[in-house]
Amino acid sequence: MEELKILLKNIHKDESKKLETYISGGGYEALQKALSKKPDDIVETVKKSGLRGRGGAGFPAAVKWNFIPRDCSQPVYLIANADEGEPGTFKDHILMEKDPHLLIEGMLIAGYAVHSFQGFIYIRGEFAEIAQILEQAIAEARQAGYLGKNILKSGFNFDINVYRGAGSYVCGEETALIESLEGKRGQPRLKPPYPAASGLYGSPTVVNNVETLACLPFIVREGPERFASIGIPGNTGTKLFCISGEVNKPGCYEFPLGVPLLNLVYDVAGGIRGDRKLKAVIPGGLSTPVLSAREADVLMDFDSLAAAGTMLGSAGVIVLSENASIPEIALRTARFYANESCGQCTPCREGTGKLRLLLERIFLGSGEADDIRRIMKICTSLKGISLCPLGDAAFLPIFNFVEKFHGEFEALIR
Amino acid sequence: MLSIKQKDDIRKKAKEFPGHRSVSLPALYIAQSGKGYIDRKDIEEIAGILSISYAELYGIASFYNLIHRKPIGKFHIQVCTNISCSLLGAEHLLTRLEKKLGIREGGATADGIFSLESVECLGSCDKAPVMMINEKFHEALTEKKLSRILASLKEKAE
């Protein structure tokens, strides 16, 4: 199966992170084109393209932009969410490391569309070296007149500041990210108000995922119809699929949305290590419910996966072979969310902690007959009652691990 | 205690943000850039520069995993033990490291050269198992590769 490289078209070039390389591949042409139009036309173009947010929720990008109030007296801020922390996800890492100007051009287009003059890249703290690559690319772009005042003599002013997080998964949630960027503990806010009404420093704010922003240069340059012709209806464009776990050729691959999951596993990623049998696939990062091998015959897009009872999420595909122990993975999942819960909401803090304790004792062989029922009760009764989805991101997958593989849990209790 | 240069760097950095409080994370990074961690005095001094309370800044410092409030080794080893790395033997590598360094996860060697910590997903799962030493990623680890990395670091430390 041949990849369709739109976002990844530059990454294998020599010196791919350099401005010259980016320009020689048609870089910053889209910016020039965008600046010759009205900001509203860009919003309309993105609307026509059908672009849905690549961070996990799949919310239409143009609709999110349209929530920004018109003619508002406050500054509008644009934030690129580069806090890539969803286990199994490494696409933004590759995009920023290999092709930083793609993100910069995407931010310029988004900034122009929403009348912003200041952008931030909130990057996870562990990506210190990538933050430096971005800083260098920003300096190059500034030098060449793509950032700063009166960009390409259009009268548009825009600049970008890189802000390094410091090791916190919850900061990927947009209001926690904003709190963190304001220099506080990264604890999610009560919504509404949404960031579009009151975000960074109380100003209207758009938060877009790195990959979402990276789609914009193609959409503007090639036209929304071209983008919309890729993928399947309602799920347009290409998507970066991060394949990891027990496959022969793990990696980040670009395909149109709607690619069959089994093709990704067997053709693209070379099948399972040691020719073992497939047990299960986590399709969209650790927070998305697992698919058992017999459920894995699905298409990889927002709507098909929702219909299959799971989510595309960040498209972090984790492949599990017959050797994998589901109770062990469930325990690791519970530990992760218990570690990363910010502690603000009781259902999330206590629920993830309790799940960890129950799964630990089952795993160590001291589980009680009633423990499976206890786990299921926590997962169902504490769902949807915290400020952000972090707790649910534990409850949903753990519920599915236990429900779909209850035999493995029962075997440990007996 | 912060050096004069660190204080200047913090004040300079604060000007980059529309809200000066945003500098609290960069300031904590600047403060720990010297000795690898921050102490009570550092927090007091930064809080003074930012005009916020000690308690509030301590709350911020304690929220983030990469802000260290106790000494770490000259080489701080962070091993990812999340699912994709675990499936490919991360726990085994962590045990090997504990044995080779003679310390437990969360500890540091007596000479202050190495400290070891297991961490959550580092976002490099296609090259699992993965670890970070200070700010550098080490990927597709095997036992052999691990021994080589440790040997070269020990050499550097001498």
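The values are calculated or read from the model by the stated rules, or taken from the named source; none is laboratory data. For clarity, every value in this text was computed on a predicted model and none was experimentally measured. Note that each Cβ is placed from the backbone with ideal geometry, even for glycine, and that neighbours are counted across all protein chains shown. Heads up: the accessible areas ignore ligands, DNA and RNA and are worked out on the full protein's heavy atoms, side chains in. Shrake-Rupley method; radii C 1.70, N 1.55, O 1.52, S 1.80 Å.
Report, by residue number, each residue of the range B:82-101 that is at the interface with chain A (Cβ under 8 Å from one of its Cβ atoms), more than 19 Å from A:K249 (Cβ to Cβ) and open to solvent by 10 Å² or more (accessible area, probe 1.4 Å). Spell out how you get there, then give the answer.
Quick first cut of the range B:82-101, residues at the interface with chain A (Cβ under 8 Å from one of its Cβ atoms) only: B:82-84, B:86-88.
From the residues that got through so far, the ones that are more than 19 Å from A:K249 (Cβ to Cβ) too are B:82, B:86.
Correct list: B:S86 only.
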Looking at (1) modelled with pLDDT under 95; (2) open to solvent by less than 60 Å² (accessible area, probe 1.4 Å), which one does A:K383 not meet, given that it meets all the others? (2)
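Do you know which residues across the range B:1-43 are part of a loop (DSSP other than H, G, I, E, B) and either among the β-branched types (V, I, T) or more than 10 Å from every other protein chain (Cβ to nearest Cβ) (or both)? It would help to see each step written out before you state the result.
Quick first cut of the range B:1-43, residues part of a loop (DSSP other than H, G, I, E, B) only: B:1-3, B:15-19, B:33-39.
Within the range B:1-43, B:M1, B:L2, B:S3, B:K15, B:S33, B:G34, B:K35, B:G36, B:Y37, B:I38, B:D39 qualify.
Enumerate the helices (runs of 4 or more DSSP H) found wholly within the range A:1-67, keeping only those where 2 or more residues are open to solvent by 90 Å² or more (accessible area, probe 1.4 Å) and in contact with a helix residue (DSSP H, G or I) (Cβ under 9 Å, 6 or more places away or on another chain).
Numbers: elements: A:19-24, A:29-35, A:39-49, A:61-66.
By residue number, A:29-35, A:39-49.
Taking into account only those residues within the range A:327-337 that are of a type outside the set (S, T, Y) and within 11 Å of chain B (Cβ to nearest Cβ), which is surrounded by the fewest Cβ atoms within 10 Å (Cβ to Cβ)?
The initial filter retains those residues of the range A:327-337 that are of a type outside the set (S, T, Y), namely A:327-332, A:334-336.
Narrowing further to those that are within 11 Å of chain B (Cβ to nearest Cβ): A:328-332, A:335-336.
Details: A:E328: 17, A:I329: 25, A:A330: 27, A:L331: 22, A:R332: 22, A:R335: 19, A:F336: 23.
Filtering the range A:327-337 for residues that are of a type outside the set (S, T, Y) and within 11 Å of chain B (Cβ to nearest Cβ), the one surrounded by the fewest Cβ atoms within 10 Å (Cβ to Cβ) comes out as A:E328.
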Within the range A:153-167, work out how many residues are open to solvent by 50 Å² or more (accessible area, probe 1.4 Å) and within 10 Å of chain B (Cβ to nearest Cβ). 1
Every residue in the range B:118-150 that is within 12 Å of another protein chain (Cβ to nearest Cβ) and either open to solvent by 50 Å² or more (accessible area, probe 1.4 Å) or of a type in the set (G, A, S) (or both), please. B:S118, B:G123, B:S124, B:K127, B:A128, B:N134, B:E135, B:K136, B:A140
Working only within the range A:246-280, note down all residues that are surrounded by fewer than 23 Cβ atoms within 10 Å (Cβ to Cβ), more than 18 Å from the chain's Cα centre (by Cα) and either in a loop (DSSP other than H, G, I, E, B) or hydroxyl-bearing (S, T, Y) (or both). A:N248, A:K249, A:Y266, A:G270, A:G271, A:R276, A:K277
Can you find a residue in the range B:102-110 that is of a type in the set (S, T, Y), at the interface with another protein chain (Cβ under 9 Å from one of its Cβ atoms), in contact with a Gly (Cβ under 8 Å, 6 or more places away or on another chain) and over 15 Å from B:L146 (Cα atoms)? no
Criterion violated by B:S118 - all others in (1) part of a helix (DSSP H, G or I); (2) closer than 30 Å to A:G274 by Cα; (3) touching a residue at least 40 places away in the same chain (Cβ under 8 Å) satisfied: (1)
